[in-house]
Amino acid sequence: MLILIGMKGYNIHQKITTLTEADRLYVLKDLIEAESLYEKAHRNHSIHYKESLISSRLQELAPITEINAKLRDIDQLAEKASDDQDFEQLMTVYRSLQDVRGIYMNGNNPYEPYYRQLSAKYDISGDFISYYQLFKKSFLEQMQHNLDDNQYTDESFKWNLLAIPDVFFGDEKQKRSELYDKFTAYDNRKMARMAASGQFQALLDESAAMLKLYKSNDVQATWITNQSEALVRTFLENDAKKESYSIFATHAKSYIGFVHTVSFKSSVETFINKQISTWMKAAKRNVIKAEFEKAFAIYNGIKEFKDTSLEVKDAQLAWNIHDPIRILQNGDATRVFKHVSSGSKRYGALVYVIGTDDQNIVYYGTLDSENNIKVLTSQDLQQGGLIQDISIESSLSTKDLPVILIKGDSSTRQALYTAIEVQSDTMVTLFQLNADGFQVDSSGMLIMMNPDSEEGVGQVAMFQRTGDSYQFVGVQQDFIDIAVEDLLSHPNGKVKFTTTIIQPGYSEAFAMMGDTYVKLTGTFNFYEGNVTLTGTLKGYEDTYIQDELTSIPVFNVENVE
């Protein structure tokens, strides 16, 4: 009992003493300490002593009580956020501090001095400086850790550093200067590593992603575009130096897409366009110089960046015109052809070409102004036979339908003649004859010398076209039939007559010419008896007949029947 009584007496004394000191401080306008003591006396329930005064004073000093409570809570929460390494919570607490500060530090609030005193009491500013410095150090360590490990999946430290209030760096200018220098060094090093390992597209994708994130944090990260330009230029210059057209085009297209996505003026874009223009001019010169493979290497290489389909079409046309055999090869350069000949701007084609393969298949190819290729074939020639010559025979051809004449080896005559007409979608054989010669007269009549056909053998046979073939129409006679007695009346023409050989012999003989004689010459065995001869009066020769010198005609025999 005595202890309890003693304690109660002490508490009573404390309350009275506290209240007395509170009143003194109140009079001295030390309201913060007075509020603290009034609050302490209010919590002392050992005695009811001037309770109405205490309540009145606390009500009067309620704004100070509120400021004190808020700053105390902020101080405690900030300390906990720091201990827990919870940056987001610290930022939340700091925003609460800013809200409280905005109320009392606006220049018009009468309690501003008391706010300042209480803030100093809790050392709010000093604590936040300390906390933010610790977080800043941690974030910078994360930045270095990423570089050391070459791992960049988590870069939240950037945005956390940017979130730290400007005042903790000095001011906004100092903050941006310090952080931008660090971000520039970090990003440049990361991008350089990607470039060094050949990650071109990944470099652009990462650059675009970084720029987007920086922009969302109100940062114009010009160092990203500067570094990307420098690295991409190095890539492209190496591509150009190696004449790696397709790689250059792929890189260029990706980079231009990147430039347009992030929207900035790029000097590398100018370099790209200039290089492409240089290559286009070089390809054009290659075509002019007939260096077509070089031209196609450029056109096909850069097509990923620039549509070169028109230039490729023109170059292919020029190449086919320059090397018509390509029309027959039609994309397969390994195919071999013989007896190749060509022409241009005839038979409805810009270029036409004929040729044969090792199986004696005849090919006819055409090329039009749109670079369309058409190839027709004929297999009417005997496989294995030797072809002497092949050409377009203009005397048999028409304006739109060419006729190919093939002269081949013959076992019975001087040559085997084959004529093949090229029609719209097929090739038709007009004739195939063994003969000793061939010609076409002005009327289009086909004239064959000694063909092996039944009707024309040993003659100059004439054939006329009927439909898609030539038919025999008769034998051409280049002599006239006469009586042997009339020979002297035809000194300059070829004639045919019947006579009687009276003195036979080889290459020379004598025959009757009415009542007189004629000497026969020619590479024949002349036999005694009646014979029909074709030939020409050669002249006269003096000879002895029955011991009498007589001048008789000499007849050069060309044919004996």
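Things to note:
- Only DSSP H runs of four or more residues enter the estimate; each adds -39500 (n - 2.57), and after division by the residues of the chain the mean residue ellipticity at 222 nm equals -16000 deg cm²/dmol.
- Two-decimal log10 I(q)/I(0) for segment 110-156, as the Debye equation yields it once each C-alpha is a single scatterer, q = 0.28, 0.30, 0.31 Å⁻¹: -0.93, -0.98, -1.00
- Kirkwood Rh (inverse of mean 1/r, distinct Cα pairs), segment 154-291, angstrom: 16.9
- Between 0 and 90°, nearest 10: helix 51-60 axis offset from the chain longest Cα axis: 30
- With a Förster radius of 25 Å applied to the C-beta separation of residue 382 and residue 465, the computed FRET efficiency comes to 0.60.
- Calculated accessible area for segment 251-314 comes out at 57 Å² per residue, all protein chains present (probe 1.4 Å; ligands, DNA, RNA ignored).
- Percent accessible area from carbon and sulfur atoms, the chain, protein chains only, probe 1.4 Å: 49
- Probe 1.4 Å, protein heavy atoms only - accessible area per residue of segment 414-503 in square angstrom: 50
- Cα-based values for segment 455-553, radius of gyration first and Dmax second, are 17.4, 66 Å.
- Reduced Cα scattering model of segment 315-466, Debye log10 I(q)/I(0), q = 0.19 Å⁻¹: -1.13
- For the chain, the longest principal axis of the C-alpha atoms and the axis of helix 87-104 are separated by about 50°.
- Alpha carbon centroid spacing (whole Å) that separates segment 202-216 from segment 380-450: 75
- Its Cα gyration tensor gives segment 238-311 an equivalent ellipsoid, and the semi-axes of that ellipsoid, as √(5λ) in whole Å with the largest first, are 24, 11, 11.
- At q = 0.15, 0.18, 0.22 Å⁻¹ the log10 of I(q)/I(0) for segment 47-192 amounts to -0.85, -1.06, -1.33, computed by Debye summation with a single uniform scatterer per C-alpha, solvent ignored.
- Once the Cα gyration tensor of segment 306-371 is diagonalised, semi-axes √(5λ) in Å: 23, 15, 8
- For the pair segment 531-558 / segment 287-343, the C-alpha centres are spaced 70 Å from each other.
- Cα centroid of segment 457-526 to Cα centroid of segment 84-163, whole Å: 130
- Taking 0.890 mPa s as the viscosity and 25 °C as the temperature, the Stokes-Einstein diffusion coefficient of the chain based on its alpha-carbon Kirkwood radius rounds to 67 µm²/s.
- Percent RCO, i.e. relative contact order, over segment 379-516, from Cα pairs under 8 Å lying at least 6 residues apart: 11
- Pairs of lysines in segment 105-188 (C-alpha under 25 Å apart; 8 or more residues apart or interchain): 12
- Its residue count N sets the reference 2.2 N^0.38 Å, and the alpha-carbon radius of gyration of segment 87-167 equals 1.43 times that reference.
- Whichever aspartates and glutamates have a C-alpha closer than 19 Å to that of residue 374, once near sequence neighbours (fewer than 8 apart) are set aside: 314, 323, 332, 357, 400, 421, 425
- Shape call, segment 323-412: gyration tensor on alpha carbons, a/c limit 1.5: oblate
- Taking the C-alpha atoms of segment 210-252, convex hull volume expressed per residue in Å³: 53
- Helix axis angle, 292-302 relative to the chain longest principal axis, alpha carbon, degrees: 20
- Per residue, the convex hull volume that the Cα atoms of segment 264-351 enclose (Å³): 112
- Summed side-chain charge close to residue 219 - residues other than residue 219 whose Cβ falls under 10 Å, Lys, Arg +1, Asp, Glu -1: +2
- Surface accessible to a 1.4 Å probe, per residue, for the residues of segment 66-208, Å²: 53
- Across the chain, C-alpha contacts under 8 Å between residues 6 or more apart give a mean separation that, scaled by the residue count, equals a relative contact order of 4 percent.
The values are calculated or read from the model by the stated rules, or taken from the named source; none is laboratory data. Keep in mind it's a predicted model, so treat the numbers as computed, not measured. Cβ atoms come from the backbone with ideal geometry, glycine included; neighbour counts cover every protein chain shown. For accessibility, only protein heavy atoms count, side chains too; no ligands or nucleic acids. Shrake-Rupley method; radii C 1.70, N 1.55, O 1.52, S 1.80 Å.
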